[in-house]
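The values are calculated or read from the model by the stated rules, or taken from the named source; none is laboratory data. If you're wondering where the values come from, they're calculated on a predicted model, not measured in any experiment. Quick reminder, even Gly has a Cβ in these numbers, built from the backbone with ideal geometry, and neighbours come from all protein chains shown.
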Amino acid sequence: MLIQLIGLSHKTASVEIRERLHIEEAKLPSALQRIHSTVPEAMIFSTCNRFEILARVDELDGAAERMSGLISEIREIPQQDFEPLLYTYTGPEAVRHVFRVASSLDSMVIGEPQILGQMKQFFAIAQHEKTIAYTLHAIMERAFMVAKKVRSETLIAGSAVSVSSVAVELASKIFDKLEDKTALVIGAGEMSVLAIQHLQSHGVKSILVTNRTPQKAAELAEQINGRAVPFEDLSTCMAESDIVISSTGSPTFILKKDHAQKAMSSRRNRPMFFVDIAVPRDIDPQINEIDNVFLYDIDDLQSVVEKNRQQRQKEAERAEEIITRESELFWSRLKSMDIAPTIREIQARIEQLRKHEIELTLKKMGALSDSQKKALDELAFSLTNKMLQQSYSELRQLANQPDGLEKIELIRKLFRL
Amino acid sequence: MNQLLDGLAILLYCVSTFYFTLQFLKKANTRKPAFLFLGLGLVTHGLDLLVLTFEQHRFPALNFTQAFCSLTFATLFLLLVLRRKIMETSAIVLLPIAVLSIVLQLLYPAPAEKLEPVLKAGWIYIHIPLMILSMACLTITFITAIMYLLQERQLKSKKTSFLLERLPSLEAAEEISYKSLWFGFFLLTLGMVTGMIWSKYLRGKYWSWDYKEIWALVTWALYAILLHGRMLSAWRGRKAAYLAIVGFVLILFTFAGVSLIFKVYHSF
């Protein structure tokens, strides 16, 4: 089984090269067909972080060079621009790599969920274009299964690993439902916009925006679909806000303990969550001492992120073990299921059977002339041969269907191989 | 029949505890089997109590162990109906207690023949179930108060640990805590009133200054203060949680402690 994977990713190539190689979805079919015309099976993974071709090839010698030549032709990029950045995996290594990618171990953010969906999409396109047959089909199906297994057996995608997603995660530890909560944004830092968008995607509907410059507040409010409120009304706004995100350029604290205390008493002590992503800080850390008030500044959030990253890293090690095990297991299965050796084995088995039966028959028949013996032998040979010749071509066709692997397994069972 | 059901319920609860533990430690996703076995266990436990009720023609609270066994059933049942997330986190503590209650009930069954005369009047059918139910509600208030305090400490100290992910959100814990407090208090009041009527009918007076009665009154007063504070002065969060815990300690004392220390006419 000659499987090869050639490609580059965010680990080996700059975004500039990746951009140039990237094939948009509409152009994938023609690129696939172009590659498929040189190899029996091929598929392409082209995302913003990686460009890879997985193929079953007829011979390994020079396959990688030919493939990179093809890429250069398709994308019209000089080969020397990207060739040094390419990695090549063959056989079990290629399978392992595909498993790792599908399980999001090779991603920029380990455990991110998008890659699996993207791979499923590339798989569907290749299926539709009929550029893959049973081998790649089996590899991909298994890769999806392994990815699912990794996800359910490890905590690789367990916890938030960005400041804004940590903020949302914490908010949902304070509040049961985010849908009926109000968030207040003070200032217009980029981080706070991110955090707000994250909150919105988790259901927060009512958003207030304030800024010392009313113009800026209005702009941001429009951008994130919130309501601008005058900076002077900050205290009243706080009373109706459950989540306050602050990121102003103010050199001193703009929210002090007594602000929060006032707000708390007018909101009858319903909990409040303050997120201070400004440097220098906007919110007096003392307000965390008030009952039912929770304040996290950028360092607090950052340390949660760091901790979660480390946890993912640890889980990634466990995931690698699963993948090593699975890919070895799968490779040995794949190797034995190759159609050519299966046919050879069937031939050998039939041959052995024929010889054995001839011997037995000759013993029973007693004295025969050499020509009679030869005729008998020929009869047996042509009988088995004719029967098998037909089935070999059928077998080759069967194996090329998507579920070829299972069919070959069945055939091997039939012949007790 | 009862022993068979008891054994089965113990077994089912144990299996469920096992699955809940796996889930808690995040070793595997066993939420479904955990809840399935919990459900089956509850049905068996409930059937067990039902059979007992028909056998003795009385609510299964003739002695302390029976009452305890009814209480664990009511608590688990209410919690399952109210909020699964809270059930999920507290199951690893609650289920072993439920198992213990069934075992105790097996070891110390109520003496069948010798029914105390006070237990023969009609009001018992109302007073005791009301008290048990109110205790179940207030147990839930207690559990959610503990959860609230743990989660609050995690969030305030900014330490994201093992517990943070597993505990319910503060809002959810508080909501269940408040709801169960209301129900519990309402039932406790009703239970005490029916108890007084029963007492009048049996002993000729509403109130006998029995220790059990005094402590029940103290407990009732504490919960009344807590509810009052929550409604009028917006007592929330930690303060409310601490009071709920004190209230539960009083309940436990009234339920179990008083009978052990003082001589009272309540059999438990």
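Here are the numbers for the structure shown:
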| item | result |
| --- | --- |
| Search result, residues across segment B:203-239 that are charged (D, E, K, R) and either within 14 Å of chain A (Cβ to nearest Cβ) or surrounded by fewer than 18 Cβ atoms within 10 Å (Cβ to Cβ) (or both) | B:ARG203, B:LYS205, B:ASP210, B:ARG230, B:ARG236, B:ARG238, B:LYS239 |
| Hits in segment A:171-185 - residues which are at the interface with chain B (Cβ under 7 Å from one of its Cβ atoms) and assigned to a helix (DSSP H, G or I) | A:SER172, A:LYS173, A:ILE174 |
| Hits in segment A:1-20 (condition: buried (at least 21 other Cβ atoms within 10 Å of the Cβ) and under 25 Å from A:GLY91 (Cβ atoms)) | A:ILE3, A:GLN4, A:LEU5, A:ILE6, A:GLY7, A:LEU8, A:ALA13 |
| All positions within segment A:21-35 that are under 25 Å from A:ALA399 (Cβ atoms) and either touching a Cys at 6+ places or on another chain (Cβ under 6 Å) or buried (at least 19 other Cβ atoms within 10 Å of the Cβ) (or both) | A:LEU32, A:ILE35 |
| Sole exception among (1) surrounded by fewer than 17 Cβ atoms within 10 Å (Cβ to Cβ); (2) closer than 27 Å to A:ARG312 by Cα for A:GLU76, by number | (2) |
| Filter pass, A:PHE144 being touching a strand residue (DSSP E or B) at 6+ places or on another chain (Cβ under 7 Å) and either not aliphatic (A, V, I, L, M) or not in a helix (DSSP H, G or I) (or both) | no |
| Unique match (being at pLDDT 90 or above and of a type outside the set (Phe, Trp, Tyr)) among B:ALA216, B:ALA145 | B:ALA145 |
| Whichever residue in segment B:144-164 is at the interface with another protein chain (Cβ under 10 Å from one of its Cβ atoms) and crowded, with 17+ Cβ neighbours inside 10 Å and, among such residues, is nearest to A:ALA171 (Cα to Cα) | B:LEU155 |
| When residues of segment B:100-129 are limited to those that are in contact with a Ser or Thr (Cβ under 7 Å, 6 or more places away or on another chain) and among the hydroxyl-bearing types (Ser, Thr, Tyr), the one modelled with the lowest pLDDT | B:TYR108 |
| Where A:ILE287 falls short, out of the listed (1) out of contact with any Lys or Arg (no Cβ under 7 Å at 6 or more places or on another chain); (2) within 14 Å of chain B (Cβ to nearest Cβ) | (1) |
| Residue in segment A:143-151 that is at negative phi, free of Cβ contacts under 8 Å to residues at least 12 places away in the same chain and not assigned by TED's automatic domain parsing to the domain that holds A:ALA42 present | no |
| Verdict on A:LEU388 being exposed (fewer than 11 other Cβ atoms within 10 Å of the Cβ) and over 25 Å from A:GLU41 (Cβ atoms) | no |
| Answer residue from segment A:269-288, given it is in contact with a helix residue (DSSP H, G or I) (Cβ under 6 Å, 6 or more places away or on another chain) and within 15 Å of B:LEU170 (Cβ to Cβ) and is surrounded by the most Cβ atoms within 10 Å (Cβ to Cβ) among those | A:PHE273 |
| Filter result (closer than 26 Å to B:ILE126 by Cα and surrounded by fewer than 22 Cβ atoms within 10 Å (Cβ to Cβ)) within segment B:75-93 | B:PHE77, B:LEU78, B:LEU80, B:VAL81, B:LEU82 |
| Yes/no for B:PHE35 being in contact with a His (Cβ under 9 Å, 6 or more places away or on another chain), modelled with pLDDT of 85 or more and in a helix (DSSP H, G or I) | no |
| Subset of segment A:294-309 that is among the aliphatic types (A, V, I, L, M) and surrounded by fewer than 21 Cβ atoms within 10 Å (Cβ to Cβ) - its residue that is nearest to the other protein chains (Cβ to nearest Cβ) | A:VAL305 |
| Residue list for segment B:165-202, restricted to those being within 12 Å of chain A (Cβ to nearest Cβ), touching a residue at least 40 places away in the same chain (Cβ under 8 Å), assigned to a helix (DSSP H, G or I) and more than 20 Å from B:LEU243 (Cα to Cα) | B:ARG166 |
| Any chance A:ARG151 is within 14 Å of chain B (Cβ to nearest Cβ), under 28 Å from A:ILE322 (Cβ atoms), touching a helix residue (DSSP H, G or I) at 6+ places or on another chain (Cβ under 9 Å) and part of a helix (DSSP H, G or I) | yes |
| Flag for B:LYS179 being under 21 Å from A:ASP242 (Cβ atoms), modelled with pLDDT of 90 or more and not hydrophobic (A, V, I, L, M, F, W, C) | yes |
| Residue check for A:ILE346: of a type in the set (Val, Ile, Thr), surrounded by 12 or more Cβ atoms within 10 Å (Cβ to Cβ), more than 30 Å from A:TYR89 (Cα to Cα) and in contact (Cβ under 8 Å) with a residue 12 or more places away in the chain | yes |
| In segment A:154-170, residue surrounded by the most Cβ atoms within 10 Å (Cβ to Cβ) [restricted to those that are away from chain B (no Cβ under 12 Å), β-branched (Val, Ile, Thr) and in a helix (DSSP H, G or I)] | A:VAL168 |
| Neighbours by Cβ (under 7 Å, 6+ apart or cross-chain): first from segment B:210-227, touching a residue at least 40 places away in the same chain (Cβ under 8 Å) and part of a helix (DSSP H, G or I); second of a type in the set (Phe, Trp, Tyr) and buried (at least 16 other Cβ atoms within 10 Å of the Cβ) | B:TYR223/B:PHE185; B:LEU227/B:PHE185 |
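Here's the yes/no breakdown for (1) within 12 Å of chain B (Cβ to nearest Cβ); (2) in a loop (DSSP other than H, G, I, E, B); (3) modelled with pLDDT of 90 or more:
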| position | (1), (2), (3) |
| --- | --- |
| A:ALA278 | no, yes, no |
| A:GLN311 | yes, no, no |
| A:LYS314 | no, no, no |
| A:ALA319 | no, no, yes |
| A:ILE323 | no, no, yes |
| A:LYS355 | no, no, no |
| A:THR361 | no, no, no |
| A:GLU378 | no, no, no |
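Rundown of residues vs (1) within 22 Å of A:ALA102 (Cα to Cα); (2) touching a His at 6+ places or on another chain (Cβ under 7 Å); (3) surrounded by 13 or more Cβ atoms within 10 Å (Cβ to Cβ), yes/no style:
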position: A:SER37; (1), (2), (3): no, no, no
position: A:ASN49; (1), (2), (3): yes, yes, yes
position: A:ARG56; (1), (2), (3): yes, no, yes
position: A:ASP61; (1), (2), (3): no, no, no
position: A:LEU70; (1), (2), (3): no, no, yes
